[in-house]
Amino acid sequence: MDNLTHSLVGALLGRMGLKRLSPRAMPALIISANLPDIDSYIAPWFGTMARTFHRGFTHGVGGVFTMPFLAVAIILTWERLRPGKEGPIKPVGLLIACFLGFLSHPALDFLNTYGVRLLEPFSHRWFYGDTLFIVDPWIWIMLILGLEFSWRAEWLGRNWQRPAMWAFAAVMAYIGLNAAISARAAAATRPLVGRIAQPRMIVAGEVPLQFWKRQVLWRSDKLGGEADYDAFDDLARLDPKITPLRLDDPLLVEAARTDRDVCNFLFWSRMPLVIERDGHTYLSDQRFPALRRTIFLVPLDNPHPSS
């Protein structure tokens with residue numbers, strides 16, 4: 001998910017009562033809820049691309065044993081430089097807050113089609129929730145309203161945790177609804193695809209803003225295509241355009257052995273395919289057709305030898 005969502009979730013956790021764990025718990029929750037995304041910036045230190053390194057170690061088991069402690073270190077350093085007026089920090093409470101803030105990050109990232117490697121460094125397996133789009137303004141609205149009403153309740157001397165808890169419950173219900181819509185979209189699409197080819201994978205991704213709709217991507221061993229699903233009429237409509245995946249293309253077969261960029265892309269890609277653009281051959285990902293001219297496009301006829 002986007003970092004605004006992660007920040008709002010961290011703040012909401014604080015307003016649900018976790019800010020009582022320790023002075024500075026509120027900024028600790030927000031920092032720890034965002035900290036796993038540091039991987040995109042440190043990827044070059046490990047000689048790899050941000051796309052390949054992202055949503056791996058810092059989002060998985062490895063992050064459990066590093067990210068909360070790093071967040072604590074950041075808060076303690078800041079406290080030493082700029083002591084607060086709330087009293088001394090409670091180390092155990094602060095660590096608990098950072099741990100819970102961290103957990104919210106991979107839990108949210110799991111929910112979209114991009115995926116997360118939850119078992120890193122012990123396994124490189126990707127996990128996909130296929131439930132939410134990476135940026136979801138409906139979640140922003142629920143979180144912001146929960147925070148606003150919580151702040152107002154505290155200012156008026158009322159129970160300020162309750163509005164935050166209601167907002168949290170609303171977000172969880174929204175996630176559950178979207179999970180059900182995605183499951184239904186995949187189920188409605190499967191028999192339609194079965195008339196063309198044996199489906200090997202069906203992925204239902206949320207349409208931005210229109211959470212009741214899904215862009216469904218399907219693929220067999222050699223073919224791929226799309227479908228649209230609308231929960232209001234409970235009907236899937238196949239796009240008549242069918243795309244050959246071309247995973248047996250000689251250029252891809254050779255590049256997968258010798259080209260470091262292609263190897264990195266295949267490690268990350270969930271639905272790879274070979275396409276033609278302007279007379280050149282590229283490796284792309286079926287999930288992101290709108291971005292195939294930018295970051296999700298790797299040339300196959302301009303090799304970058306692996307070191």
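A short reminder: the numbers here are calculations on the coordinates, not readings from a lab. Predicted model only: the values in this text are computed from it and were never measured. Cβ placement follows ideal geometry from the backbone for every residue including glycine, while neighbour counts extend to all protein chains displayed.
In summary, the helical segments of the chain meeting the span-like criteria, namely a full DSSP H run, a Cα extent along the axis of 24 angstrom or more and a mean Kyte-Doolittle hydropathy of at least -0.5, are 91-109, 137-155, 161-194. Modelled spin-label separation between R82 and E154, with each label point placed 7 Å from Cα along the Cα-to-Cβ direction: 1.7 nm. Within straight-line reach of K213, meaning a Cα separation under 21 Å, sit the following lysines at least 8 residues removed in sequence or on another chain: K241. Of the trypsin sites (Lys or Arg not before Pro) found in the stretch 54-137, those that fall in a DSSP loop while having at most 14 other beta-carbon atoms within 10 Å are K85, R125. Sequence-ordered 3J(HN,Hα) estimates for the stretch 219-235 from the Karplus curve with 6.51, -1.76 and 1.60 and θ = phi - 60° stand at 7, 9, 5, 10, 10, x, x, 10, 8, 10, 10, 10, 5, 6, 10, 6, 9 Hz, glycine and proline given as x. Label sites at W166 and A179, each approximated as a point 7 angstrom past Cα along Cα to Cβ, lie 2.4 nm apart. Peptides 87-94, 219-226 ordered by packing proxy, namely the average of other Cβ atoms within 10 Å per residue, highest first: 219-226, 87-94.
Computed from label points 7 Å out along Cα-Cβ, the spacing between D2 and I196 is 3.1 nm. Near T281, the amide H atoms lying under 5 Å from its own belong to L300, D301; only residues 5 or more places off or on other chains count, and H is placed 1.01 Å from N. Think of the chain as a dipole: +1 on every Lys or Arg Cβ, -1 on every Asp or Glu Cβ, centred on the Cα centre; then among V253, A236, L111, L111 lies furthest on the positive end.
Excluding same-chain neighbours fewer than eight residues apart, the lysines reachable from K85 by a Cα-Cα span under 23 Å are K19.
Write out the chymotrypsin sites (Phe, Trp or Tyr not before Pro) in the stretch 113-152 meeting two conditions: DSSP loop, and at most 11 other Cβ atoms within 10 Å of their Cβ. Of the chymotrypsin sites (Phe, Trp or Tyr not before Pro), the ones in loops of the stretch 113-152 whose Cβ has at most 11 other Cβ atoms within 10 Å are F122.
When the Cα positions of L147, T281, G87 are compared along the charge dipole of the chain, G87 comes out farthest toward the positive end, with charges on each C-beta of Lys, Arg, Asp and Glu. Close amide-amide hydrogen proximity is noted between F133 and E206, each under 5 Å apart and 5 or more residues distant or on a separate chain (H modeled in the peptide plane; Pro and chain starts excluded). For the stretch 178-244, the Cβ-based charge dipole about the Cα centre amounts to some 280 debye (Lys, Arg positive; Asp, Glu negative; other atoms uncharged).
When each of W166, W218 is scored by the number of other beta-carbon atoms lying within 10 Å, the sequence from fewest to most is W166, W218.
Taking other C-beta atoms within 10 angstrom as a stand-in for reagent exposure, S7, S150 fall in the order S7, S150, fewest first. Between the stretch 190-267 and the stretch 68-147, what is the C-alpha centre distance in whole Å? Using only Cα atoms to place each centre, the spacing works out to 31 Å. Based on Cα contacts under 8 Å between residues 6+ apart, the chain shows a relative contact order of 13 percent.
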